[in-house]
2 protein chains.
Amino acid sequence: MKKKILEQLKNNKGDFVSGEELSSGLGVSRTSIWKYIKSLKEEGYDIESSSRKGYKLIEEPDKFSQEELEIILKDNDFIKKIYYFDTIDSTNKYAKELALKGADEGTLILSDEQRGGRGRLGRNWISPPNTGLWMSIILRPQIKPWEAPQITSIAAAALCKAIENTINIKVGIKWPNDIVVNNKKISGILTEMGAEPDTVNFIVVGIGINVNTEDFPEDIKDIATSLKLIKGDTVSRKRLLINVLQEFKSFYLDFVNNKTLKKSIDICRENSIILGNKVKIINGMEEIIVVALDINDRGELVVKKDNGEIINIISGEVSLRGVSNYI
Amino acid sequence: MKKKILEQLKNNKGDFVSGEELSSGLGVSRTSIWKYIKSLKEEGYDIESSSRKGYKLIEEPDKFSQEELEIILKDNDFIKKIYYFDTIDSTNKYAKELALKGADEGTLILSDEQRGGRGRLGRNWISPPNTGLWMSIILRPQIKPWEAPQITSIAAAALCKAIENTINIKVGIKWPNDIVVNNKKISGILTEMGAEPDTVNFIVVGIGINVNTEDFPEDIKDIATSLKLIKGDTVSRKRLLINVLQEFKSFYLDFVNNKTLKKSIDICRENSIILGNKVKIINGMEEIIVVALDINDRGELVVKKDNGEIINIISGEVSLRGVSNYI
């Protein structure tokens, strides 16, 4: 009910909707309507009330709620079910549990805050409330476990395009899973899977974006930034979310339906900050310095070793730091 | 406490242990001892009671319980924690949930019955009570997702050797994950993993063995058999379990500590029922008929295609049926 009232107010933002109309249209008493409006105001919605004219939505908070997400993502038919949390330990962890229990492709888990957000290889991902987008999407593509990195390419392409669409700033990709500006991280992707040796059962794509973060902890302030810090202005998390999920849907369905990664890989190539550079590839305790030549059609990084040998790297960690040609 | 009493009776099987000794040794009243003995009798333990001499364990049921498993697997220092169930939907499912929550390597889940036991690709695995071994082991090897099939090879080798040790019958492996006798399945392995694109977080190895099954449902009676049907006599599930986990420990630790699969692969080769034969490789909707030449050091199947090309198959489904040279 609250969702329906909010939806009507949003559809008529800046205009009055009469209490009468809401009450008869939704089949509830005017007292009920008044209570829901009160609750929306408490959540930060700026709503003008007039006993004659009704209710007018003046301003919305950049806050999420189950109702708000269901309204703003209604047009994205790829997102079938939404789980919203004010706070959670990790959206990826929750998503994996849901996926094990059979949750469908297109399930979205989004939390305003993560208390134990994670990046690759179990590292922390700082996810404070009110500032970022922290979410996970459950997918069930018919792929092999060694093709899972392709999903990371799709998410990276979607993030680039969505950020560009939203704030008109071009961002870079540090292959395979970081989105950066001036070599500072603004977004990361954590792809995880449940699989048998030759069949993926589910993929969980975790996406974290530092949207309006202004202060970072001491230990990461040199390597992390936010869209707000880059743009110099607050960025609408809602608009960004809509765009990210729209782009993701488009790239992912192209992959699933047309069996091609071309559109995603083209963007990964164009936005790559490592192609043409010497980079360090880190694989557990091993490190090699190579020249990054290309990203191939499967999303693998094609590199040239010191001895001239050219090899493909399926997935891994790349560093530009501590390499002589690092600018 | 019940476990300690059972352990003492088992250690002195066929001999009397006095109630006095049990009572003072374990620091509980003789009435308590009597109650525990009563409960053990109800579980099927044949215990002779004498007011003068105490209690004598005459015969044990081939039944599992938390206490029984902890006692019989006490010497296997690889198995760190045991979860026993009389009935469960699927031990692999439960193991994956535990693994997501951080369960350690060496966690064993065993159930007397599975109501929703599964084989590869979501197929059913019939797991009635009192007849089989249905279990899952959680592992945390530092491997890549594409190396997960190696764990299947280790389990297959362990099963061959354990069955041979227990009932002195040589069994065959239908690469990669079925144990067969006369081309009828007696055991299957279901390896599953939780992973990031380039790191396995956990592996769950599910093992199902038809031990004392006498009747199979109509639709699988031509393709399934049990150790009892082969041997013509009841097989001790406890002895088999001890042997399976002992062999698994040995092959797995050789792999982890010495970074070699050699011992496992040698057994997979020796016991293979497909090497030298024409087989059908089934990959989703695609099928090709090839000659199986070898199993390489990574556990991959080396096959020759019709056009003479030699390729390695990482994992998949192999069928001997419907192929002309099938004997």
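Values in this text are rule-based calculations from the coordinates and carry no lab data. Everything numeric here is computed off the predicted structure, so don't read it as measured data. Here Cβ is always computed from backbone atoms with ideal geometry, including for glycine, and neighbour counts include all displayed protein chains.
Give the lysines whose C-alpha is closer than 19 Å to that of B:Lys304, dropping any in the same chain fewer than 8 places away, or say none. Within reach: B:Lys174, B:Lys278, B:Lys280. Within a straight-line Cα-Cα reach of under 20 Å, B:Lys262 can be paired with the following aspartates and glutamates, leaving aside sequence neighbours fewer than 8 residues apart in one chain: B:Glu147, B:Glu164, B:Asp178, B:Glu247, B:Asp254, B:Glu270, B:Asp294, B:Asp297, B:Glu300.
Sorting B:291-297, B:254-260 by their mean Cβ neighbour count within 10 Å, with the most densely packed peptide first, gives B:291-297, B:254-260.
Peptide A:144-155 shows a mean partner chain C-beta count of 3 within 10 Å per residue C-beta. Backbone geometry of region B:236-246 corresponds, through the Karplus equation with coefficients 6.51, -1.76 and 1.60 at θ = phi - 60°, to 3J(HN,Hα) couplings of 6, 5, 5, 5, 4, 4, 4, 5, 4, 6, 5 Hz, x marking Gly and Pro. Cross-link partners among lysines for B:Lys13, C-alpha distance below 20 Å, same-chain residues fewer than 8 apart left out? By straight Cα distance, B:Lys13 reaches B:Lys2, B:Lys3, B:Lys4, B:Lys35, B:Lys38, B:Lys41, B:Lys53, B:Lys56, B:Lys63, B:Lys74, B:Lys238. Over region A:1-128, all Cα pairs binned in 5 Å intervals from 0 give whole-percent P(r) values of 2, 10, 17, 17, 15, 12, 10, 8, 5, 2, 1, 0, listed from short to long.
The calculated FRET efficiency for the pair A:Lys13 and B:Arg115, based on their C-beta separation and a Förster distance of 56 Å, comes to about 0.60.
Amide H contacts for A:Phe85 (H built 1.01 Å from N in the peptide plane; partners 5 or more residues away or on another chain; cut-off under 5 Å): A:Leu110, A:Ser111, A:Asp112.
In chain A, helical runs assigned H by DSSP with n ≥ 4 each contribute -39500 (n - 2.57); averaged across all residues and rounded to the nearest 500, the mean residue ellipticity at 222 nm is -9500 deg cm²/dmol.
Taking Lys and Arg as +1 and Asp and Glu as -1, the other residues whose beta-carbon sits under 13 Å from that of B:Asp266 total 0.
Projecting 7 Å from Cα along the Cα-to-Cβ direction, the label point of B:Asn277 sits 5.5 nm from its equivalents in the other copies, listed shortest first. Averaged over the residues of B:89-95, the number of partner chain Cβ atoms lying within 10 Å of the residue Cβ comes to 0. Distances, shortest first, from the label point of B:Asp222 to those at the same position in the other copies read 7.1 nm; the point lies 7 Å along Cα to C-beta. One Cα centroid belongs to region B:27-70, the other to region B:120-140; the line between them spans 30 Å.
Averaged over the residues of peptide A:187-194, the number of Cβ atoms from other protein chains lying within 10 Å of each residue's Cβ is 3. Beta bridges per DSSP, both residues in chain A: antiparallel share near 90 percent. Between the amide H of B:Glu300 and any residue lying 5 or more places away or on another chain, no distance stays under 5 Å, with hydrogens modeled in the peptide plane. For region A:166-271, just say rounded, prolate or oblate: build the C-alpha gyration tensor, square-root its eigenvalues into a ≥ b ≥ c, call rounded for a/c under 1.5, and beyond that prolate if a/b exceeds b/c, oblate if not. Cα axes put region A:166-271 in the prolate bin.
The length gained by stretching the chain between A:Lys35 and A:Lys74 to full extension, at 0.36 nm per residue less their Cα-Cα distance, is 11.6 nm.
Computed about its Cα centre, the charge dipole of the protein assembly as shown is approximately 360 debye, with only Lys, Arg, Asp and Glu carrying charge at their Cβ. Here is how far apart the A:Pro61 label points are across copies: 6.0 nm, shortest first, using a point 7 Å from Cα toward Cβ.
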